[in-house]
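The values are calculated or read from the model by the stated rules, or taken from the named source; none is laboratory data. Nothing here was measured: the structure is a model prediction, and the numbers come from that model. Glycine also receives a Cβ, built like all others from the backbone with ideal geometry; neighbour counts cover every protein chain displayed. These accessible areas exclude ligands, DNA and RNA; they are computed on the full protein's heavy atoms, side chains included. Shrake-Rupley method; radii C 1.70, N 1.55, O 1.52, S 1.80 Å.
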Amino acid sequence: MRVRTSILRKAAVLGLIVGGTAVSASCASMGRYLDTRDNVDEEFKKQDEVALATRCAEDIDIKEMQQVAFYACEKFADLQAEKLRAAQSGGDFKTVASICSGETDPLVHPVTKAKLQGDMTMQVRDSFRKDGFQIEHAPREVKDASRIRQIACVMHAKNGDADAFAALAADVKACKDGNAFYDSHMAKFRKGGNEMTKRAFWVMADMAKCNQWDFMFEKLGHWGSEETGGALWGKLAEQGHDVEKLIKDYIDRNKKAPFAFKYGQHLGQNIAYYLASAKHFDKCEWYIPHYKKMPEEAQDAFLHYFAESKCMKAAPLALERLASNNARTRRQACAVLAHIGSKKDIPKLKVVAENDPTYKIEGFDVRVFWVRDECKAAIGKIQLR
């Protein structure tokens, strides 16, 4: 009686009760949709991969039943994750590594596989193969696969491929030539995703004990992540290294073109931000002669450092940038001069403050001259000093 009442309620909600015949027809057509989350939980307990995958892959037009199908997708992914954890705890690191790298597809059931192949565009499918973490506008199953792959990569980074980490640590301990082993080692770890690569980074950071500073600067120091290259110099300082002296020595060794190597601009940025955050302000003038030989991105970062350190002798460097063709560069110049400019710089600032053509539209066709505004603010701050 309870089942019959439930059927009638669903038929009424869907507007299908037109007469006795309509009710019976609706009951027959809806019978296969009367599954609940309890049914899905039961199938999950039994580890019935086929049943979960079939529900997950099913096209359903009834909204209430779509929720059950989506829940089945989640439980199917949870089941795959449990299998993955079992493989990890059993020492099956190869399976974990192959799922992390994408060599093994965690969506192993053919029904779900067929659903994916049918629904995914070529572009999304290719993205899925290359990088399971960066998928947009993909079916639910793909996102669940991405979650499984992410679990695999975290496991792999923490425990997997112990031999590769042992080999890396041995090379570091032996103070082997860092430049020689860097590429071969990193090729392995990059396949393991971000977590594994970050772990390898900090193993290699122990090369500081070997005094291979060109390696530290040019292979590690340019990394853009705040958790790696951005944090490296602070960590070395905590270990007792005189980081500012190391930076100056490195720039001196390369004074013809500081940071002139692939990704060198990022090294310059990381160094400038370290100098500012560590408040190494008393010798800021030392960097001025080297500034013009740096890549533009490094110059941007060092201007920020000069502003933070109130390095008044660096003002001419910012003044030159007022004539840049790049609006953001002109705006940065004004912001820097607000800190290190003097009253003699005001005439040049006024030219930009009164004539800069750059604007953006806000609200109801309101023009905002954001470069002019920055320069006006700089003039005000200089006048108040």
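Pop out the carbon and sulfur fraction of the accessible area of region 172-256 as a percent, whole number, probe 1.4 Å. Before the final figure, lay out the partial values.
Working: 2000 of 4350 Å².
Carbon-and-sulfur percentage of accessible area, whole number: 46.
As a ratio to 2.2 N^0.38 Å, the alpha-carbon radius of gyration computed for region 330-385 takes the value 1.15. Solvent-accessible area per residue in region 216-294 equals 50 Å², computed with a 1.4 angstrom probe and all protein chains kept. Across the options Leu232, Val243, Asn211, the greatest Cα extent toward the positive end of the charge dipole of region 194-255 (unit charges at beta carbon of Lys, Arg, Asp, Glu) belongs to Asn211.
Computed from label points 7 Å out along Cα-Cβ, the spacing between Ser324 and Asp249 is 3.3 nm. Coupling constants for region 264-270 follow from the phi torsions by the Karplus curve (6.51 cos²θ - 1.76 cosθ + 1.60, θ = phi - 60°), and in residue order they are x, 4, 6, 4, x, 5, 4 Hz; glycine and proline get x. Can you tell me the FRET efficiency between Lys176 and Trp286 if r is taken as the Cβ-Cβ distance and R0 is 22 Å, rounded to the nearest 0.05? Taking R0 as 22 Å, the efficiency between Lys176 and Trp286 is 0.05. Placing pseudo-labels 7 Å out from each Cα toward the beta carbon at Thr358 and Asp214 gives an inter-label distance of 3.9 nm.
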